[in-house]
1. Hey, got the Cα dimensions of the stretch 34-143 along the principal axes, in Å, largest first?
2. Dividing the Cα radius of gyration by the Kirkwood radius, what Rg/Rh value follows for the stretch 187-237?
3. Using θ = phi - 60° and the Karplus form 6.51 cos²θ - 1.76 cosθ + 1.60, what ³J(HN,Hα) does each residue of the stretch 240-257 get, whole Hz, x for Gly and Pro?
4. Taking the Cα centre of the chain as origin and charging only Cβ (+1 Lys, Arg; -1 Asp, Glu), how large is the dipole, in debye to the nearest 20?
5. Which is farthest toward the positive dipole end of the chain among 204, 221, 124, measuring Cα position about the Cα centre, with Cβ charges +1 (Lys, Arg) and -1 (Asp, Glu)?
6. Based on the Kirkwood radius over alpha-carbon pairs, what value in µm²/s does the Stokes-Einstein equation return for the translational diffusion coefficient of the stretch 135-235 at 37 °C and 0.692 mPa s?
7. Report, by chain and number, residues whose modeled amide H sits under 5 Å from the one on residue 229, excluding near sequence neighbours (fewer than 5 apart, same chain).
8. Pull out the extension gain between residue 111 and residue 76, defined as 0.36 nm times the separation in residues minus the alpha carbon to alpha carbon distance; nm, one decimal.
Amino acid sequence: MGSGRDEDSALQERAALMALLRERPGRRGWAEITAEVLEAGSAVAVWERLVPPVLLSPAGEPGALEAAARQIAGWTGQGWRVLAILDADYPARLRAIHQAPPVLFARGSVIRDDVAVSVVGSRTASPRGMDIAAGVARELVARGVTVLGGLALGIDAAAHRAALEAGGRTVCVIGTGIDRAYPAPNRELQEQIAERGLVLSQFWPGAAPQRHNFLMRNATMSGYGLATVVVEAGEQSGSRAQARIAVEHGRPVILTSLVVQGNDWARALVGRPGVHVAGRLQAVLDVVDQLIGEPAAVGAALSRLAPS
């Protein structure tokens, strides 16, 4: 009986959050709405505070909360899971960053305390870069660490595929709606990840790829993982943005010598707190081993982030 009431309450919270994001009372932005919901511990409470009750909805039209609940039910019927930021199984590390998406759409297995490391880099990677990415992914799998990427061509795809081939878990955070496959050549890979790992999107279903989406996606990847490994990247690479965001988040960044030798932005990061330069695979793994070698501290930190 209790679990049923808990789920009903969770459904009401998701609907209220969705309605807040749709209605944007007082012209609030999503970040402001998210912050208010987190502070209050309830989207329903924020909705009731900000939105005056409507005596009667227009004839034949559902109210905002009912419309949001119907939309969530429709998405769930498509096989997509909808995770609100107050849900107990919302990724805990991601909730801790200020860019945490208020809603996530998921296909695959959600693990709240997922121990993951981003492996990212150029879409036009060299054979050496692809080999390094695959090698890092295989070693992460051997350590029971999830390989996190953005499903991009090149380094990301090489890491995803190596993780799957090694029998490990991989998560891709995409820059489109959960119902779209981008880039098209990675459609089959995306389906494999959904079946054996997790596909995440912070955008409404149907959302097309746009430049700013991928910067938001990079922030989500940084927040989800323990660290970011940049294997190979150019001066304008999205991996450059993720490295800088990870530094802001206080998350370790591991730059290979390929990146440091070839990019001014990477050299500018060297010496910053939490930034490591790895000239060989073992140097990357030494940092990862240090991060995952303190499970008690990590677990305690995550428990403090969980909603009551």
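Values quoted throughout were computed directly from the atomic coordinates according to the rules given, and no laboratory measurement underlies them. Remember, it's a predicted structure, so these values are computed and weren't measured experimentally. Every residue, glycine as well, gets a Cβ built from its backbone with ideal geometry; the counts of neighbours run over all protein chains shown.
1. The Cα atoms of the stretch 34-143 stretch 65, 30, 25 Å along the principal axes, largest first.
2. 0.98
3. Result, ordered by residue: 4, 4, 5, 4, 5, 5, 4, 4, 4, 6, x, 9, x, 10, 10, 9, 6, 4 Hz.
4. Dipole size: approximately 580 debye.
5. 124
6. In µm²/s, the coefficient is 242.
7. Long-range HN contacts for residue 229: 118, 119, 120, 254.
8. Answer, rounded to one decimal: 10.8 nm.
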